[in-house]
Amino acid sequence: MEQDITLKKEGQGLAFLKPMLVKLTSKFQQGDLISWLKKSGITILSIALFLGLWHLGSKALYNKEANYKIEKALTEQGQEAADAERACIASGDSSCQPNTLPAPSQVWASLQSLIADHKVITADKAAFAQKMEATNEKLIAQGKDAIVYTGRASFIDIVLTSIKTVFAGFLLALLIAVPIGIIIGLSPSLRSAFNWFIQIFKPVSPVVWYLLVFMIVKTLYIGDSSDNAFVISFISVGLCAMWATLVNTAMGVSSVDKDYINVAKVLKLGTFQKVFKVILPSSLPLIFTGLRITLSVAWMVLIAIELLAQSQGLGLFVWEEFQNGANDSNSKIIVAMFVIGIIGFLLDRLMLMVQNMVSFNKNEGV
Amino acid sequence: MAYLELNNIYKIYGEGDGATEVLSDINLSIEEGEFVAIVGFTGSGKTTLVNLINGLLKPTSGEILFKGEPIIDTSHERGVIFQNYSLLPWLTVGQNIYMAVKEAFPNESKRVLQQRVKDYVAMVSLSPAINKRPKELSGGMRQRVAVARALAMNPEMIIMDEPLGALDALTRGNLQDEILNIWSKDKRTALLITNDVDEGIYMADRIIPLKPGPNATLGPEFKIDIERPRDKTALNDNPNYKKTRNAIIEYLMDIGEARKSVSQTEYILPEISPKSFVA
Ligand SMILES: Nc1ncnc2c1ncn2[C@@H]1O[C@H](COP(=O)(O)OP(=O)(O)OP(=O)(O)O)[C@@H](O)[C@H]1O
Ligand SMILES: [Mg+2]
């Protein structure tokens, strides 16, 4: 009630200010627009500069390799071969193109061809599903497994597999690291007992984690013909990335403000209440900082682990393209690089959003 | 046997070279139903003394008896208003108080508890802010929440560590009256730590100065022989009030001077700077 009245009063009292306010806000928006333009202008400029430098660099590398090829033909096979080589390179024939850092335009073309390829494969899949519909229904009716599409995966499928692996690994890391972190955070003696363990395993490289997981999962899956590459890779990713969360959770739980602990003591909260109503809420910001690091580490090590595990993700894609050595392989690798970078960035933003949501003192600029 | 008894209490923080003896030879006894105020210089060990009595700290030597039993832990019988409010920043005003009353009255229904929360929030005039989080409140509002939380638990003894420091004169006066009200109506026992001699005289039966630290110890007590209920406006004309007030202030200035000339450190009269709990 009271608020209503004062609001109304203000509304009337300030009525004469309205035109002025409009002017002010439009001016303000103009200022905003200018600063926005400035900001995005600088971004666009920097992107253009980056593309320009990249273009020039790749051109220089291309020329260096082309010249070397011609030179080599000249010294080894004479003038005629050199001329043929030069003509071949100039004609754009893929058999004799220098295989070096691709230019931005080539990468763009590769991206489009990958998308086109995805469309083809999707259509293929749909056709296959349609063709098999009747057969599959029969098979299922007979209690047998349906026939599934086993053709080549498209680039988008590959990206989705990678994202799936990262999330599975992240979830595993969360489920292991948060509870253990809480337990060792609560007990100083457990913390010192676990300390050597954490210190030793934290710096272990993803490759070694992969090998370790491989040894174990291989035996567990022995005699089972199903594909365990996904399982191996997500477990390796999780184990590799969980340390930041473990350490941060333990730290958050062990360093709760003494005032809050005093409140818990004076109110005589039970252990359960104390942990869930006081200790955990107060360490949530640190736990989420840890989870954010874990997610970005997971995404970073994913590529190496997928490569080793032969899991159909971006890591394997990059490796196969490198081995493949086709004309557009290098530009596909660069496409994958950008996709990896952009997804990593988006994942980090996502975590930052969640972190801000749970952090009670976000307004304090922590 | 006194209600609360402190016998030869010493409190030393730290060990070895880093050890400092904060409190020395503290002797204090409070009768049931009494209202005792302790005035002291900043950093002299008032909060340490409070934490010894509420059970958060253990004395290095000496014994503290509450109703004849040694204090070994915190208890709902002794409610605490912390100097730095100590509200949980992720809970709203209502939730902060609810958490306390739920622990104090585990057998009450949710509805009764919620009503209790509402009543005490209203008592400190914070009803419009019941759903706000501590960081949205001013220092004075936070202090009022802390007062409401402690009183809502209906403790037998109320221990207050500079509970009204950050409040303006008017709110301060109102809350002083509320605390006195609860204290006299339910025949509580109260220990008030304060930096304000006038507040002590208005509220307490006895005022005891705590000398500046380290090795702080209690000074001689000053009895306040003024009829209750006391009238703030009439206090100024009360000859008894003037006499007591002058005696206390003179004593405080004397021990302040004495310290200064010995240690060359400057003791400013107590001035609380509550710790921001979200910083
Ligand atoms: N946990 C601790 N460890 C070591 N020293 C401490 C600890 N707590 C307090 N002290 C020291 O003990 C002395 C008394 O502190 P205390 O907080 O009891 O003073 P206070 O009278 O409440 O001060 P204020 O007026 O600022 O509230 C100070 O010198 C302080 O530095
Ligand atoms: Mg204090």
Find the percent of Cα-Cα distances in segment A:305-344 that exceed 17 Å, and round it to a whole number.
-> 27
Any chance you could check the Cα centroid distance between segment A:207-259 and segment B:65-105 for me, in angstrom?
-> 42
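Chains A and B: buried accessible surface, both sides, probe 1.4 Å, rounded to 100 Å²?
Using a 1.4 Å probe on protein heavy atoms, the buried area is about 2100 Å².
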From the C-alpha gyration tensor of segment B:78-154, pull out the three semi-axes of the equivalent ellipsoid (sqrt of 5λ each), sorted largest to smallest, in whole Å.
-> 18, 13, 11
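Give, in nm to one decimal, the length gained when the segment between A:Leu49 and A:Lys258 is fully stretched (0.36 nm per residue of separation minus the Cα-Cα distance).
Fully extending the segment from A:Leu49 to A:Lys258 adds 70.0 nm.
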At a Cα cut-off below 26 Å, give the lysines reachable from B:Lys135, other chains included and same-chain residues fewer than 8 away excluded.
-> A:Lys258, A:Lys265, A:Lys268, A:Lys274, A:Lys277, A:Lys362, B:Lys102, B:Lys118, B:Lys275
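Provide, as a two-decimal number, the C-alpha radius of gyration of segment A:107-179 over 2.2 N^0.38 Å, N being how many residues it has.
Normalised Cα radius of gyration, segment A:107-179: 1.58.
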Give the share of C-alpha pairs in each 10 angstrom bin for chain A, from 0 to the last occupied bin, in whole percents, shortest bins first.
-> 4, 14, 18, 19, 18, 14, 8, 3, 1, 0
Ordering of A:104-116, A:196-208 by burial proxy (mean other Cβ atoms within 10 Å per residue, highest first) | A:104-116, A:196-208
With Cα springs under 10 Å, the Gaussian network model of chain B assigns the largest mean-square fluctuation among B:Glu15, B:Glu257, B:Glu221 to B:Glu15
Pseudo-spin-label distance B:Lys223 to B:Asn181, built 7 Å along Cα→Cβ, given in nm, is 3.1
Sort by residue number and report every cysteine in the protein assembly as shown with no other cysteine beta carbon within a distance under 4.7 Å.
-> A:Cys240
In order through segment A:277-288: 3J(HN,Hα) via Karplus (6.51 cos²θ - 1.76 cosθ + 1.60), integer Hz, x for Gly, Pro | 9, 10, 5, 5, x, 6, 9, 3, x, 5, 4, 6
Placing one equal point scatterer on each C-alpha of segment B:187-262 and summing with Debye, one gets log10 I(q)/I(0) at q = 0.14, 0.21, 0.22, 0.24 Å⁻¹ equal to -0.49, -0.97, -1.04, -1.18
For segment A:153-358, evaluate the Debye formula with one uniform point scatterer on each Cα (no solvent term) and list log10 I(q)/I(0) at q = 0.13, 0.16, 0.17 Å⁻¹, rounded to two decimals.
-> -0.78, -1.03, -1.11
Taking a temperature of 10 °C and a viscosity of 1.306 mPa s, what whole-number D in µm²/s does Stokes-Einstein yield for segment A:82-230 with Rh from Kirkwood over alpha carbon pairs?
-> 73
Which aspartates and glutamates does B:Lys11 reach when only Cα atoms under 15 Å apart count, and residues fewer than 8 places away in its own chain are ignored?
-> B:Glu21, B:Asp25, B:Glu63
What does the average come to when, for each residue of peptide B:93-104, you count the partner chain Cβ atoms lying within 10 Å of its Cβ?
-> 2
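Please give the net charge around B:Glu108, taking every other residue with its beta carbon less than 15 angstrom from that of B:Glu108, where Lys and Arg add +1 and Asp and Glu add -1.
+3
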Under 17 Å from the B:Leu65 label point (7 Å along Cα→beta-carbon), backbone N, segment B:1-25 | B:1-10
If all Cα-Cα distances of the protein assembly as shown are sorted into 20 Å bins from 0 onward, what percent lands in each bin, rounded to whole numbers?
-> 13, 31, 26, 19, 9, 1, 0
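Just add up the charged neighbours of A:Leu295: K/R +1, D/E -1, any other residue whose Cβ is under 13 Å from the Cβ of A:Leu295.
+1
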In chain B, carbon and sulfur make up what percent of the accessible area (probe 1.4 Å)?
-> 49
Accessible area in square angstrom per residue, the protein assembly as shown, 1.4 angstrom probe | 54
Rounded to a whole number, the mean other protein chain Cβ count within 10 angstrom for residues of A:264-273 is 6
If you line up the Cα atoms of chain B on their principal axes, what length do they span on each, largest first, in Å?
-> 57, 52, 42
Evaluate peptide B:150-157: per residue, the Cβ atoms of other protein chains within 10 Å of its Cβ; return the mean as an integer.
-> 1
extent check for segment B:1-121: Cα max minus min per principal axis, descending, whole Å, gives 51, 36, 25
Counted charge near B:His76, where neighbours are those whose Cβ lies closer than 15 Å (Asp, Glu -1; Lys, Arg +1) = +1
Partner lysines whose C-alpha sits under 27 Å from that of A:Lys64, ignoring same-chain residues fewer than 8 away, are A:Lys72, A:Lys332
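The values are calculated or read from the model by the stated rules, or taken from the named source; none is laboratory data. Just so you know, these numbers come straight off a predicted model, no measurement behind them. Cβ atoms come from the backbone with ideal geometry, glycine included; neighbour counts cover every protein chain shown. The protein model used for the area step is the full one, side chains on, heavy atoms only, and it has no ligands, DNA or RNA in it. Shrake-Rupley method; radii C 1.70, N 1.55, O 1.52, S 1.80 Å.
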